[in-house]
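Enquirer: Just dropping this structure here.
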Amino acid sequence: MMTSAADVEQLFATQGEARRTFLQWKSRKPRVAERVMEHVSATPYTVSSAQFESFTFGHPLKHITATAAYRQVKIRDWFPEFAMVHLFHFLLEEKGDLFSYEEFREFCKFDEAGILFSRQAQDKVRDLVTREGEDEEAARNAMAWRVGNGYYSFLRELYLVAKLRESGLDARIHPLADALFRVDAWCGNATVEMFVANANFKEGQTGRKKTPAYYLEDQRGFSFVRMQMAPQHGFGVLHLPTTEEVNRCIADLQNCPGARYL
């Protein structure tokens, strides 16, 4: 069981806005495109939801608060050459299983894309401190918050895919669909967009982030399921969607005419 980048291109990017976005991305970021187009997702389909109960993921956010982190807008809105979700997928396949945040940090010391990402993150913090006079600790904390939240978001996507597949839905995932078209998962022609309610980024039908519909609604046959998670609070734990939120997503997918089952 595996999903290739070619599978994603064939499903989502043969025409319309998605095709234009795909070709522009390949032209603008050839090094990234080459690595992502070689990637095959297989490990996500071997991960079970039960593994999340006992796995030690680590706590990348430490005691940094969202209020303090989001003050640094230039890090909040910073986009490295390789998206974080690219790196998370690369490491997942390399290890063949769930990985901790510390393992991700080690990956960024030896993998070519990880090294580039780490260097760009350090350069961004250094630039803010030396050129713009920002407080170094505040800038580093903002970067740690940004990366740590990306890691937690990726884990939630893996968990959701596991739950959907355990319910009988043929849920798929790939970094090309995620980073380029904002499709966190899909089942046939039914896409899933999962997010934690946050007025700055996405809440209900508002927020600054684009949705899968932006890229795909000009093509026939796609359905769009939006799974909004309620904000949770507390340090040192991975916040996963609740049973009610997952069941609502499953029901919404089952009502989509293009949904695919195992």
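Every number here is computed from the coordinates shown, using simple stated rules; none is lab data. This is a predicted model, so every value here is computed, not measured. Here Cβ is always computed from backbone atoms with ideal geometry, including for glycine, and neighbour counts include all displayed protein chains.
Enquirer: Cα axis of helix 136-166 to longest principal axis of the chain: angle in degrees, 0 to 90, nearest 10?
Expert: Between helix and principal axis, roughly 20 degrees.
Enquirer: What shape does the stretch 83-177 have by the C-alpha gyration tensor, where a ≥ b ≥ c are the square roots of the eigenvalues, rounded means a/c under 1.5, and otherwise prolate means a/b greater than b/c and oblate the rest?
Expert: Because a/c hits 1.5 or more and a/b exceeds b/c, the stretch 83-177 counts as prolate.
Enquirer: Give me the net charge for the shell around Glu157: Cβ to Cβ below 12 angstrom, other residues only, Lys and Arg +1, Asp and Glu -1.
Expert: Net charge in that neighbourhood comes out at +1.
Enquirer: For the stretch 130-193, which trypsin sites (Lys or Arg not before Pro) are in a loop by DSSP, counting at most 10 other Cβ atoms within 10 Å?
Expert: Filter output for the stretch 130-193: Arg131.
Enquirer: Out of Met227, His239, Gln254, whose Cα points farthest toward the positive end of the dipole of the stretch 210-262 (charges: +1 Lys, Arg; -1 Asp, Glu; placed on Cβ)?
Expert: Farthest towards the positive end: Gln254.
Enquirer: Where does helix 84-95 land angle-wise versus the long Cα axis of the chain, in degrees 0 to 90, nearest 10?
Expert: Helix 84-95 and the main axis of the chain meet at about 70 degrees.
Enquirer: Something else: Beyond a 32 Å Cα-Cα separation, which of these cross-linked pairs lie in this structure: Lys74/Lys163; Lys95/Lys163; Lys26/Lys95?
Expert: Lys74/Lys163
Enquirer: If you take the square roots of the eigenvalues of the alpha-carbon gyration tensor of the stretch 1-128 and sort them as a ≥ b ≥ c, do you get rounded (a/c under 1.5), prolate (a/b over b/c) or oblate?
Expert: The shape class here is oblate.
Enquirer: Please order Leu155, Leu216 by the number of other Cβ within 10 Å, starting at the fewest.
Expert: If I rank by nearby Cβ atoms, fewest first, I get Leu155, Leu216.
Enquirer: When Lys and Arg each count +1 and Asp and Glu each count -1, what net charge do the other residues less than 14 Å away from Ile173, Cβ to Cβ, add up to?
Expert: Result for the local shell: -1.
Enquirer: While we're here: Find the relative contact order for the stretch 3-254 and round it to a whole percent, using C-alpha pairs within less than 8 Å whose residues are 6+ positions apart.
Expert: Contact order relative to length: 23 percent.
Enquirer: Count charges around Ala42 for me, please; just the other residues with Cβ under 14 Å from its Cβ, Lys/Arg as +1, Asp/Glu as -1.
Expert: Neighbour charge sum, excluding Ala42 itself: -2.
Enquirer: Just to confirm the number: angle between the C-alpha axis of helix 112-130 and the first principal axis of the chain, 0 to 90 degrees, nearest 10?
Expert: Long axis of 112-130 versus the principal axis of the chain: about 50 degrees.
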